[in-house]
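> One structure follows; several queries about it will come next.
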């Protein structure tokens, strides 16, 4: 006769069909977080504090920075990492506080749509920037 | 489960008596409030980032439209909000490093409270001169020397 009851502490069946997505999301928050500490705090320091701060920023200033591939890559990396990091943070918050499945679903759809638009627009602007637009 | 820092539903007792969950994490007190502050500063930053990518995208429209919108950032009142944003991002960054230390450093969970006060101190040490330099120009505008 076969054993109908599993032995105590045998692996649970509910793990079948499950993925490690949440683990990777958790890890991503930490890895991207460390990178963003450098990218974002560097960005804030340069833009807001160094050399007159926000008062010196205008179109010419942006053109000067994006003439350098270094700052293009910096800004592109910062855009993608920050937007994905923030989207995952808001996803967590939506999961925590919404009660109805419908509300949760639509809030997340709005979030993902907004995020995709921001990433696409930002990437497009960095790659197609034209200092001689006029 | 993507946040590590879910606070317990029980708030530790206040006052001189020992907390009921002394030694454990995220049961009220500093651990929970830093978690709350981490959420609030994160959400604030998220919404600012949304606006910031849109305003920067104006460089693709025309230099004039970009400069017009950036001029609003140079207003003394908006300048104050920028200081708030920098403060929020700096807290989020420092507390995020603390969360990483709690997760990956063997002594992290035991020292989480001390680490919070350390990052609060670092925050203040950076923000005091930072706010000074960020607001210097606005101060001169508001009080007339420029």
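> Taking the condition more than 9 Å from chain B (Cβ to nearest Cβ) and either within 17 Å of residue B:59 (Cα to Cα) or touching a residue at least 24 places away in the same chain (Cβ under 8 Å) (or both), does residue A:72 pass?
When the stated conditions are applied, residue A:72 passes them.
> Looking at segment A:94-112, which of its residues are closer than 17 Å to residue B:50 by Cα and either at the interface with chain B (Cβ under 9 Å from one of its Cβ atoms) or within 13 Å of the chain's Cα centre (by Cα) (or both)?
Of everything in segment A:94-112, those that are closer than 17 Å to residue B:50 by Cα and either at the interface with chain B (Cβ under 9 Å from one of its Cβ atoms) or within 13 Å of the chain's Cα centre (by Cα) (or both) turn out to be A:111, A:112.
> Anything in segment A:29-46 that is more than 9 Å from chain B (Cβ to nearest Cβ) and surrounded by fewer than 16 Cβ atoms within 10 Å (Cβ to Cβ)? List them, or say none.
Of everything in segment A:29-46, those that are more than 9 Å from chain B (Cβ to nearest Cβ) and surrounded by fewer than 16 Cβ atoms within 10 Å (Cβ to Cβ) turn out to be A:31, A:35, A:38, A:42, A:46.
Every read-out reported here was derived from the displayed coordinates using simple, explicitly stated rules and does not represent laboratory data. Since the model is a prediction, treat every value here as computed from it, not as a measurement. Quick reminder, even Gly has a Cβ in these numbers, built from the backbone with ideal geometry, and neighbours come from all protein chains shown.
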